[in-house]
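Only one structure is covered here, and it is reproduced in the block below.
The values are calculated or read from the model by the stated rules, or taken from the named source; none is laboratory data. For clarity, every value in this text was computed on a predicted model and none was experimentally measured. Here Cβ is always computed from backbone atoms with ideal geometry, including for glycine, and neighbour counts include all displayed protein chains. With ligands, DNA and RNA removed, areas are computed over all heavy atoms of the protein, side chains included. Shrake-Rupley method; radii C 1.70, N 1.55, O 1.52, S 1.80 Å.
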Amino acid sequence: MTEAAALPGQPRGVVLSGPATDRAVNVLAPNPSAMTLDGTNTWIVSEPGSDLAVVVDPGPLDDVHLRAVVAMAERAGKRVALTLLTHGHPDHAEGAARFAELTGSSVRALDPALRLGDEGLGAGDVITTGGLELRVVPTPGHTADSLCFHLPADRAVLTGDTILGRGTTLVAHPDGRLGDYLDSLRRLRSLAVDDGVHIVLPGHGPVLEDAQGAVEFYLAHRASRLAQVETAVENGYVSAPDVVAHVYADVDRSLWPAAELSTRAQLEYLREHGLI
């Protein structure tokens, strides 16, 4: 879910319909909105030459979309062997149970309530399916159960809502926590700097080809918003709605309810660190 549709200075991406890397293909769900941008990106990930595929975030409970994902995989000669969830928000996970019925695949997620099968997901897990390798990267902050999946062979990372292709991410207070989110961004920066990750395959919006630039933009944006919120409180704006009206005046009012959740997370962070 996005907090703002677009921001100056953000790395630009290219919307890709179909293959994004050698191993990742995007099927866009038909659920565009202010919060989901163009719609949810459902990713089919597989090793070239293998007949098995992994699907990340089947998306909303939309039978036409779910069948389109299956058909896309089948056209490439692939059978969906596993479904993974970056987190439990409905625009990513609502269709998971139905998708499991259509494909006969298990569903793995951090949240036990979202799993269909015996295996969950956790830090350090490496998923291998048909020669494909995906590494689980815990990235709480947007939600407590947020995960990313590192695709080392393509120097890519599937980020769910932790980094978007456009705009910035909602920290969904109280489940999402800003301190956790900043730590998660730094973890992704390490993937870019130390592990050579270049490509961001986001849950919404276009693919980004400068992963480190995207992370640095997000960190700078968060620092700027925190400073604005801190100043607003110093100037007498105490309640979250008042802070939103002052700090997010440049954001479309339809996004203010989401901005309020992020503001509550920022206020909590500032209080925890003794800054207000």
Subject >> Stokes-Einstein D for region 150-228, Kirkwood Rh over Cα pairs, 25 °C, 0.890 mPa s (µm²/s) >> reply: 194
**OP:** Taking only protein heavy atoms into account and a 1.4 Å probe, give the accessible area per residue of region 115-220 in Å².
**Re:** 34
**OP:** Report the full-extension gain for the segment Ser224 to Thr128: residue separation times 0.36 nm, less the Cα-Cα distance, to one decimal in nm.
**Re:** 30.6 nm
**OP:** In whole Hz, with x marking every Gly and Pro, tabulate ³J(HN,Hα) for region 120-128 from phi via Karplus 6.51 cos²θ - 1.76 cosθ + 1.60, θ = phi - 60°.
**Re:** x, 9, x, 4, x, 5, 10, 9, 10
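Taking square-rooted eigenvalues a ≥ b ≥ c of the alpha carbon gyration tensor, is region 202-268 rounded, prolate or oblate, where a/c under 1.5 means rounded and, failing that, a/b exceeding b/c means prolate?
Prolate is the answer for region 202-268, as a/c is 1.5 or above and a/b outweighs b/c.
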Subject >> Share of Cα-Cα pairs in region 33-157 lying beyond 19 Å, as whole percent >> reply: 44
Original post:
If r is the Cβ-Cβ distance from His273 to Ala97 and R0 is 41 Å, what FRET efficiency results, to the nearest 0.05?
Top reply: 0.55
Original post:
Taking only the alpha-carbon positions of region 140-276 and ignoring solvent, what does the Debye formula give for the base-10 log of I(q)/I(0) at q = 0.12, 0.20 Å⁻¹?
Top reply: -0.47, -1.13
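Which whole-number value in Å³ per residue fits the convex hull of the alpha carbons of region 81-220?
On the way: hull volume 14.8 nm³, N = 140.
Output value, Cα hull per residue: 106 Å³.
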Subject >> Degrees separating the helix 178-195 axis from the principal Cα axis of the chain, which is the longest one >> reply: 50
**OP:** Please give the calculated 222 nm ellipticity per residue for the chain, where each DSSP H segment of at least 4 residues contributes -39500 (n - 2.57) and the sum is spread over every residue; nearest 500 deg cm²/dmol?
**Re:** -10500 deg cm²/dmol
Original post:
How far apart, in nm, are two points set 7 Å out from the Cα along the Cα-to-Cβ line at Asp63 and at Val238?
Top reply: 5.4
Original post:
Thinking of region 236-276 as a set of Cα atoms, what percent of all their pairs are more than 17 Å apart?
Top reply: 26
Subject >> Antiparallel %, DSSP beta bridges [both residues in the chain], to 5 >> reply: 70
Subject >> Dipole moment magnitude, nearest 20 debye, the chain about Cα centre, only Lys, Arg, Asp, Glu C-beta charged >> reply: 280
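Which translational diffusion coefficient, to the nearest whole µm²/s, is obtained for the chain from the Stokes-Einstein equation, given a Kirkwood hydrodynamic radius over C-alpha pairs, 37 °C and 0.692 mPa s?
Answer from the Stokes-Einstein relation: 175 µm²/s.
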Original post:
Mind checking the angle between helix 63-75 and the chain's longest principal axis? C-alpha axes, 0 to 90 degrees, to the nearest 10.
Top reply: 50
**OP:** Using a 1.4 Å probe over the heavy atoms of the protein chains, calculate the carbon and sulfur portion of the accessible area of the chain as a whole percent.
**Re:** 51
Original post:
Counting only residues 5 or more places away or on other chains, whose amide H sits under 5 Å from the amide H of Gly160 once H atoms are built in the peptide plane?
Top reply: Gly203
